[in-house]
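Read through the structure below, which is laid out as structure tokens, and then see the notes.
The numbers here are math on the coordinates, done by the rules we state, and not lab data. Only a predicted model underlies this, so the values are computations on that prediction, with no experimental measurement involved. Here the Cβ positions follow ideal geometry from the backbone for every residue, glycine too, while neighbour counts run over all protein chains shown.
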Amino acid sequence: MAGGKQSIQDLLDGEPIRGRQWLVFLMCFFVAALDGFDTQCIAYTGPAIAKAFGMAPADMTYIFISGTLGMAIGAMALGSIGDKIGRRTAILGAMLLFGVFSLAIAFATSPTQIVVLRFLTGLGMGGATPVLLALSAEYAPGRARGTVLTGVLLGLPLGAVLGGLLASGWMPVIGWQGIYLVGGSLPLVMLVVCLIVLPESPQLLVSRGKPGDLEKSRSLVEKILKRPVPAGTQFVPAEKVAKGSVAALFAPAYRIRTIAVWATYLFNWIAWFMLLLWLPTVLTTSGLPAATAAFGTVTVNTAFIICAIPLSFVLPKVNARLLLLGMFALGIAICIGLALAGTNWTAVFILVAAAGFGVGGQQLALNYLISGIYPTELRATGTGWAIGIGRTGAIVGSAAGGWFLQMGGVPGYYLGIAVPLAIAALAVALIRARPSAQPDGALSAAH
């Protein structure tokens with residue numbers, strides 16, 4: 001490698017992925033898995049908490065909303081903080097937040113305390129994801145970035161699956177408090193591991209431009225490459241694409257697309273969080289023991305993971321808009337089937353597994369779809385704001401599940417999920433890709 005100015009990203013793009021990079025991806029995956037575990041803790045412990053404090057199922061709405069609200073605020077706040085104080089520090093701070101406050105929930109003596117603690121836990125859970133993605137992206141070569149980010153994000157549903165298995169097998173023995181003891185202790189253990197082995201982003205250090213940071217970035221790059229960097233090499237920030245403005249998303253050429261995309265994200269996330277957070281409570285209300293009901297969370301998240309792998313290969317080869325319409329139609333049919341299934345548990349769990357694709361799988365395609373409807377200069381802005389709108393839908397879904405369950409019982413709850421799915425399908429029907437668009441965005445999933 002010759003001396004002179006060099007972008008770290010350009011350098012990584014021309015090299016194979018080495019051990020130091022795999023270590024970063026693995027650490028981010030494990031943190032995401034613990035994040036997913038704690039995110040879904042409230043879903044599979046909800047029925048036991050309601051019983052312990054004499055609460056009606058609908059009373060759990062406040063606990064569900066508080067955690068989701070904390071996640072939304074944490075995602076916005078820690079994402080920005082990570083740009084200022086460093087990816088590594090932000091990730092460590094996020095783990096400290098959701099570890100300590102998840103641990104504290106085990107000792108809560110009232111629903112009000114759980115509401116407050118769940119909000120504080122959510123700040124860490126929501127804040128971890130965008131920083132994990134940023135750090136992983138900055139260690140990945142461009143050719144593999146989409147695959148790396150998808151792999152890291154699959155830690156979220158995997159953590160939810162492991163949590164569901166723990167709840168179904170051990171909650172009768174250790175109680176709901178024991179689930180939070182585990183869910184709080186593991187992130188604190190992982191915090192110590194990351195404190196020792198997780199490096200900072202060399203690209204972020206270069207972007208700061210401080211002499212000390214530049215030297216640290218050189219040392220990190222040499223560890224990645226396993227060879228010295230020539231003394232004359234000066235690392236410079238990668239050239240940045242001009243950022244689009246939010247106002248530009250509503251220019252006449254993009255106005256309908258933007259409204260349609262935002263509506264799709266909003267209503268898909270409403271449906272997905274209605275399913276994720278309320279499913280164990282609904283299954284318990286239908287007559288299943290709480291430990292068995294936790295398998296609902298396991299089933300839907302496992303199906304989500306299984307679907308992600310083939311979808312990551314299929315999406316570049318198919319019309320993402322038509323695929324989404326088919327997925328929404330399937331999701332609506334699944335909801336109708338669940339409303340009619342009653343206590344036929346075999347049918348219920350088969351349909352719940354299918355919902356991992358028909359209700360949640362859309363998230364794997366939505367970000368990819370955006371790459372074909374916005375030009376490069378608006379793509380990051382369009383994706384960021386669409387995901388932000390989706391987070392709002394998660395908050396609405398947290399509340400809507402309880403309302404539909406209270407007003408219409410179990411069948412009403414399942415049919416209620418079909419409502420936002422139908423609206424999202426109508427929104428997708430309004431989306432038109434740019435005639436010459438060639439999607440090149442990286443596939444990612446938000447959970």
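Rounded to the nearest Hz, the phi-derived 3J(HN,Hα) couplings of the range 205-211 under the Karplus curve 6.51 cos²θ - 1.76 cosθ + 1.60 (θ = phi - 60°) are 4, 5, 5, 6, x, 7, x, where x marks glycine and proline.
Restricting to Cα atoms and excluding each atom paired with itself, what does the Kirkwood estimate give for the range 11-117 in Å?
Value: 16.0 Å, from the Cα pair sum.
Within the chain, the longest segment free of exposed loop sites, counting trypsin sites (Lys or Arg not before Pro) that fall outside DSSP classes H, G, I, E and B and have at most 11 other Cβ atoms within 10 Å, spans 1-225. The share of C-alpha pairs in the chain whose separation exceeds 44 Å stands at 12 percent.
In this structure the amide hydrogen of residue 201, modeled in the peptide plane, comes within under 5 Å of the amide hydrogens of 87, 88, none closer than 5 places in sequence on its chain.
Within the range 112-171, the percentage of alpha carbon pairs spaced more than 17 angstrom apart rounds to 58%.
Across the chain, the relative contact order, built from alpha-carbon pairs under 8 Å that are at least six residues apart, equals 24 percent.
Based on Cβ point charges of +1 for Lys and Arg and -1 for Asp and Glu, what charge dipole magnitude is obtained for the chain about its Cα centre, in debye rounded to the nearest 20? Don't skip to the end; give the middle numbers.
Values: 27 positive and 15 negative charges, 164 e Å.
For the chain, the charge dipole is close to 780 debye.
Each of 212, 47, 85 was placed along the dipole of the chain (beta-carbon charges, centred on the mean Cα), and the one lying farthest toward the positive end is 212.
Label-to-label distance for residue 76 and residue 222 is 4.3 nm, based on points extended 7 Å past Cα in the beta-carbon direction. From helices alone, the chain scores -27000 deg cm²/dmol at 222 nm; the rule is -39500 (n - 2.57) for each run of n ≥ 4 DSSP H residues, then divide by the residue total.
Normalise the Cα radius of gyration of the range 11-50 by 2.2 N^0.38 Å (N = residues in it) and let me know the number.
Numbers: Rg = 17.2 Å, N = 40, 2.2 N^0.38 = 8.9 Å.
Rg over 2.2 N^0.38 Å, computed on Cα atoms: 1.93.
In summary, the range 43-175 shows an alpha-carbon radius of gyration equal to 1.18 times the 2.2 N^0.38 Å reference for compact globular proteins.
Kirkwood analysis of the range 1-240, using all unique Cα-Cα pairs, places the hydrodynamic radius at 18.9 Å. The angle between the Cα long axis of helix 255-285 and the main principal axis of the chain comes to about 50°, on a 0 to 90 degree scale. Spatially close Lys pairs in the range 1-240, defined by Cα atoms under 17 Å apart and a spacing of eight or more places or different chains, total 6. Relative to the longest principal axis of the Cα atoms of the chain, helix 61-85 runs at roughly 0 degrees. Evaluating 6.51 cos²θ - 1.76 cosθ + 1.60 at θ = phi - 60° for every residue in the range 247-252, the Karplus couplings come out as 4, 5, 5, 10, 5, x Hz, glycine and proline recorded as x. Segment residue 292..residue 430, full-extension length gain: 45.6 nm, with 0.36 nm per residue of separation and the alpha-carbon distance subtracted. In a fully extended conformation the segment linking residue 83 and residue 336 would gain 86.6 nm over its present Cα-Cα distance, using 0.36 nm per residue.
Of the residues 6, 285, 96, the one whose Cα sits farthest toward the positive end of the charge dipole of the chain, with +1 on the Cβ of Lys and Arg and -1 on the Cβ of Asp and Glu, is 6. Close amide-amide hydrogen proximity is noted between residue 235 and 6, each under 5 Å apart and 5 or more residues distant or on a separate chain (H modeled in the peptide plane; Pro and chain starts excluded).
Overall shape of the range 244-433 was characterised from the C-alpha gyration tensor. The equivalent ellipsoid obtained from it has semi-axes of 31, 17, 13 Å, in decreasing order. With respect to the chain, whose longest principal axis is taken over its alpha-carbon atoms, helix 376-430 is tilted by about 10°.
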